[in-house]
Amino acid sequence: MAVTDTVAALALLPEQLARHCNAAKLPFKNSDELEELIEVVGQRRAMGAIEFGVGMKHKGFNLYLMGPTGMGKHSVIRRYLSQVAPKQSKPTDWCYVYNFEQIHKPKALRLRHGMGATFAADMAQFATDLGSSLPALFESSGYREQLEQLEGELQKEQERAFDAISAQADAEGVRLFRTPSGFAFAPVKEDEVLTPERFAELPQKQQQRVERTIDTLQNDLQGVLQQLPEWQREARERIVALNRQMAEQTIARLLQRLHKRYRRWPDILRHLDAVQADVLERIGEFISEEGGDEESPEARRKRLLNRYKVNNLLHHTDLDGAPVIYLDNPTFTNLVGKIEYQAQMGNLLTDFTLLKPGALHQANGGYLLIDAHKLLSNPYAWEGLKRALNSNQIKIESPDQMLSVNTTVSLDPEAIELQLKVILLGDRQLYYQLFNYDPEFEELFRVQVDFEEDLPRNGDNVMLLARLIASVVRKEELLTIDASGIAELVDYASRMVEDSQKISIHMRNIADLLREADYSARRQRKKRIRRETVREAIAQRYYRAARVQEHLDESILRGDTLIHTEGEAVGQVNALTVLTTGEYSFGQPARITATVHMGEGNVLDIERETELAGSIHTKGVMIVSSFLTARFAAEGPIPISGSLVVEQSYGELDGDSASVAELCALISAISGYPIKQSLAMTGSMNQFGQVQPVGGVNEKIEGFFRLCQQRGFTASHGVIIPKTNVKNLMLASEVIEAVRAGQFAIYAISHVDEALELLTGVVAGKADRNGHYKRKSVNGAVVARLQRLQQLKQSLHESG
């Protein structure tokens with residue numbers, strides 16, 4: 001077959017360059033005629049996994065939803081749970097109360113759904129009533145009378161003792177006096193107290209008798225004085241007993257209603273008994289008006305009353321069914337809860353009322369949704385989640401406490417029983433990394449929910465996509481989109497997945513484009529979104545992101561980056577690459593050059609030697625070397641070595657999509673046949689020379705097309721791609737029109753020999769049954785060159 005026949009056979013027709021949705025064949029005129037789509041599109045496998053994971057109640061069957069961002073994973077799981085959760089049991093409430101036995105370990109109480117708020121309100125009212133009842137009680141006339149009676153009895157007891165001593169003293173001619181410094185005895189005669197001078201005038205025996213009498217009386221008085229503390233202690237005990245008796249009646253009255261209301265809840269009844277015992281134990285602190293150095297009586301009473309309140313940690317009063325919680329900021333404390341502190345007199349203080357719940361508490365009994373990347377980017381959050389799931393408990397603590405590095409005395413709340421489904425949302429790479437490097441992940445997240453990214457492009461799925469577009473239009477109140485606009489979005493959905501036989505179901509991207517088209521139509525005062533509106537939105541989207549692309553194009557046009565689009569050159573090929581900036585990808589040509597010299601058959605990959613090539617690129621060069629050896633040196637060594645490089649490449653590159661171009665550059669350098677610079681190519685190859693598909697084929701074609709368009713078309717411009725990539729073509733309309741006009745060509749090849757014929761214009765040549773090639777072929781020229789070099793090498797060896 002002549003080369004011209006090969007060129008004609010390999011050239012693609014305009015109809016093969018894209019698959020367009022025919023708006024005229026769609027069974028509707030606009031989105032108003034379409035029913036809203038309720039079901040999830042194209043996710044049968046994922047929905048089955050979700051149903052299984054949600055329904056499986058055994059430990060460890062938590063879910064990991066995997067797929068690219070924008071696939072609608074969050075909306076799908078929320079929609080499913082919105083149907084399932086209301087049918088499930090309402091979660092229980094959890095409260096923390098004061099632990100009167102171990103004050104640093106608050107107790108957790110599990111209550112029926114909605115009961116926590118009621119119990120907290122009841123105990124708050126009890127504290128309020130107690131705070132007002134006790135002062136009123138101890139200021140009542142009845143209490144005052146009994147207290148005065150007790151105090152009067154003490155006073156009378158003391159007076160009787162002193163009166164007895166006083167009477168005894170009078171009988172002995174001695175009188176008892178009360179002085180500011182205490183008690184004193186003095187001799188009396190004829191009802192007059194004797195002065196020291198007059199006492200000295202008494203006979204010696206009388207003085208001695210009086211002194212002995214006073215000594216005896218002082219001993220008796222000392223006995224009475226020693227009895228006073230005991231009498232006061234007994235009085236205090238009687239007052240405490242009185243206070244307790246009075247308070248017990250009041251407290252019993254206040255708690256009577258609560259005992260009756262919560263008679264079926266043993267934990268609450270035990271707590272109420274502990275509250276009553278504590279109040280009675282601390283009656284003196286409640287009624288004392290003496291303040292401390294750092295606390296007033298009012299502050300003390302407030303602190304004591306707080307002990308009897310309830311921290312209603314979780315209350316689901318307005319919840320219908322199981323809770324569904326999405327944690328947007330999964331820090332450790334937002335996940336497991338935290339202990340807050342208050343500043344007081346320069347100190348940080350806390351108590352059980354300052355325990356705050358986390359998302360695990362809020363979702364307990366239901367479902368917790370977390371973004372996996374956010375979870376792993378927050379210190380200790382992943383470890384905290386795993387610890388909770390492994391133990392089936394939620395323990396409120398700081399990260400320092402979890403790691404056992406905190407020596408500060410703090411609260412140690414009782415753990416709460418955990419029963420929920422955790423649903424992580426992330427991409428596939430993160431899932432596989434966790435699966436491979438964290439052994440606990442496999443045990444805790446056993447349900448893999450893998451979302452499809454595309455659907456076969458058939459009539460049914462096109463209608464599903466159209467209904468999905470119509471649903472977005474109605475939900476967001478966008479302008480009506482007609483059939484031509486929907487057809488353009490269908491084509492765009494195929495371009496997104498680089499496959500004319502499939503459509504993308506990446507709804508965020510499609511919906512964003514729809515919103516952008518709506519914006520454009522409204523600015524132009526159009527009443528509907530049409531095909532040209534969608535195309536304009538696509539063009540504007542590309543334009544906003546194309547700054548880097550334009551700078552690179554300018555570099556080529558100005559001659560800074562050397563890319564030829566005319567003429568011929570030996571050992572020089574225009575390869576095609578894809579660059580990505582954010583969500584925008586674009587193609588750029590890159591020059592690959594090859595040089596050869598006498599050697600031992602080695603191919604030097606300069607990119608690899610400079611550590612600028614990835615492993616896949618290195619593999620591609622090795623395949624090229626293997627192909628050359630198998631074809632041209634099956635029975636002996638190749639007497640030539642070569643080198644390959646991607647010119648003006650200053651960053652790391654990877655991939656094997658240039659391996660066919662690299663082979664063609666080497667064969668051109670060996671054979672001496674020049675390569676047409678008006679052509680560019682992409683494609684990988686195997687050791688048998690078969691051309692394999694590559695990615696980004698549309699961007700690559702459009703990248704070289706853009707350069708040729710800017711420089712001016714010639715009839716020879718074109719791109720060579722793998723035949724297996726034809727189904728991936730969804731090219732821009734301007735490329736298709738240029739092909740139709742004969743300004744540009746696209747060739748699809750299945751073997752490297754076809755690429756050689758297109759690039760050189762010379763027949764590649766096939767080996768006959770003896771393994772010989774025709775001299776006027778590319779392969780024949782390679783063999784001839786190798787034979788000459790082998791002879792030269794041999795003669796040099798013999799003469800050496």
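The values are calculated or read from the model by the stated rules, or taken from the named source; none is laboratory data. Since this is a predicted model, take the numbers as computed values, not measurements. Here Cβ is always computed from backbone atoms with ideal geometry, including for glycine, and neighbour counts include all displayed protein chains. Surface areas here come from the heavy atoms of the whole protein model, side chains and all, with no ligands, DNA or RNA. Shrake-Rupley method; radii C 1.70, N 1.55, O 1.52, S 1.80 Å.
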Would you check which residues across the stretch 764-788 are under 15 Å from Ser641 (Cβ atoms) and either within 60 Å of the chain's Cα centre (by Cα) or modelled with pLDDT under 85 (or both) and list them? Val782
Taking the stretch 455-494 and the residues there that are β-branched (Val, Ile, Thr) and open to solvent by 20 Å² or more (accessible area, probe 1.4 Å), the one that is nearest to Val697 (Cα to Cα) would be Val472
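What is the residue count in the stretch 528-541 for residues that are open to solvent by 80 Å² or more (accessible area, probe 1.4 Å) and either in contact with a strand residue (DSSP E or B) (Cβ under 6 Å, 6 or more places away or on another chain) or outside the structural domain of Glu33 (by the TED database) (or both)?
To start, the set of residues in the stretch 528-541 that are open to solvent by 80 Å² or more (accessible area, probe 1.4 Å) comprises 528, 530, 532, 535, 540.
Going one step further and asking which of them are either in contact with a strand residue (DSSP E or B) (Cβ under 6 Å, 6 or more places away or on another chain) or outside the structural domain of Glu33 (by the TED database) (or both), we end up with 528, 530.
Going through the stretch 528-541 one residue at a time, the tally reaches 2.
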Is it the case that the stretch 364-372 has a residue that's surrounded by fewer than 20 Cβ atoms within 10 Å (Cβ to Cβ), within 24 Å of Asn62 (Cα to Cα) and either modelled with pLDDT of 95 or more or not assigned by the TED database to the domain that holds Val422 (or both)? yes
What number goes with the only condition from (1) at pLDDT 95 or above; (2) farther than 24 Å from Pro106 by Cβ that Asn378 does not pass? (1)
Given (1) surrounded by 20 or more Cβ atoms within 10 Å (Cβ to Cβ); (2) among the β-branched types (Val, Ile, Thr); (3) closer than 29 Å to Leu579 by Cβ; (4) within 35 Å of the chain's Cα centre (by Cα), number of the condition Val497 does not satisfy: (1)
Out of the residues in the stretch 560-597 meeting the condition of being within 47 Å of the chain's Cα centre (by Cα) and either in a loop (DSSP other than H, G, I, E, B) or not assigned by the TED database to the domain that holds Val719 (or both), tell me which one is farthest from Glu702 (Cα to Cα). Asp560
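Just checking, which of Val739, Val735 is open to solvent by less than 60 Å² (accessible area, probe 1.4 Å), modelled with pLDDT of 95 or more, within 60 Å of the chain's Cα centre (by Cα) and closer than 21 Å to Thr577 by Cβ?
Details: Val739 fails: closer than 21 Å to Thr577 by Cβ.
The match here is Val735.
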The lone exception for Asp768 - which of (1) of a type in the set (D, E, K, R); (2) without any contact (Cβ under 8 Å) to a residue 24 or more places away in the chain; (3) open to solvent by 80 Å² or more (accessible area, probe 1.4 Å) it fails: (3)
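So which residues in the stretch 577-600 are touching a helix residue (DSSP H, G or I) at 6+ places or on another chain (Cβ under 8 Å) and open to solvent by 20 Å² or more (accessible area, probe 1.4 Å), if there are any at all? Before you say what the answer is, go through the steps one by one.
Initially, the stretch 577-600 is screened for residues touching a helix residue (DSSP H, G or I) at 6+ places or on another chain (Cβ under 8 Å), giving 577-579, 581-589, 592-596, 598.
Those that are touching a helix residue (DSSP H, G or I) at 6+ places or on another chain (Cβ under 8 Å) and open to solvent by 20 Å² or more (accessible area, probe 1.4 Å): Thr577, Val578, Leu579, Thr581, Gly582, Glu583, Tyr584, Ser585, Thr593, Thr595, Val596, Met598.
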Failed item in (1) within 25 Å of Ala784 (Cβ to Cβ); (2) touching a Leu at 6+ places or on another chain (Cβ under 9 Å), with Gly651 passing the rest: (1)
Val763, sole failed condition from (1) surrounded by 15 or more Cβ atoms within 10 Å (Cβ to Cβ); (2) among the aliphatic types (A, V, I, L, M); (3) in contact with a strand residue (DSSP E or B) (Cβ under 8 Å, 6 or more places away or on another chain): (3)
Which residue is nearest to Asp273 (Cα to Cα), if the candidates are limited to the stretch 82-100 and must be open to solvent by 30 Å² or more (accessible area, probe 1.4 Å) and of a type in the set (D, E, K, R)? Lys90
Would you tally the residues in the stretch 771-800 being within 30 Å of Ser657 (Cα to Cα) and open to solvent by less than 30 Å² (accessible area, probe 1.4 Å)? 8
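Among the residues of the stretch 22-40, how many are open to solvent by 20 Å² or more (accessible area, probe 1.4 Å) and either small (Gly, Ala, Ser) or within 19 Å of Asp460 (Cβ to Cβ) (or both)? Walk me through it before giving the result.
Step one: of the stretch 22-40, the residues open to solvent by 20 Å² or more (accessible area, probe 1.4 Å) are 22-27, 29, 32-33, 35-36, 38-40.
So of that shortlist, the ones also either small (Gly, Ala, Ser) or within 19 Å of Asp460 (Cβ to Cβ) (or both) come out as 22-27, 33, 35-36, 38-40.
Qualifying residue count for the region: 12.
Residue-wise test of (1) assigned by the TED database to the domain that holds Asn698; (2) buried (at least 20 other Cβ atoms within 10 Å of the Cβ); (3) modelled with pLDDT under 85; (4) over 18 Å from Thr682 (Cβ atoms).
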residue	(1), (2), (3), (4)
Val603	yes, yes, no, yes
Thr610	yes, no, no, yes
Ala630	yes, no, no, yes
Pro637	yes, no, yes, yes
Val646	yes, yes, no, no
Ser657	yes, yes, no, no
Residue check, Ala748 in contact with a Lys or Arg (Cβ under 7 Å, 6 or more places away or on another chain), open to solvent by less than 30 Å² (accessible area, probe 1.4 Å) and either in contact (Cβ under 8 Å) with a residue 12 or more places away in the chain or assigned by the TED database to the domain that holds Met622 (or both): yes
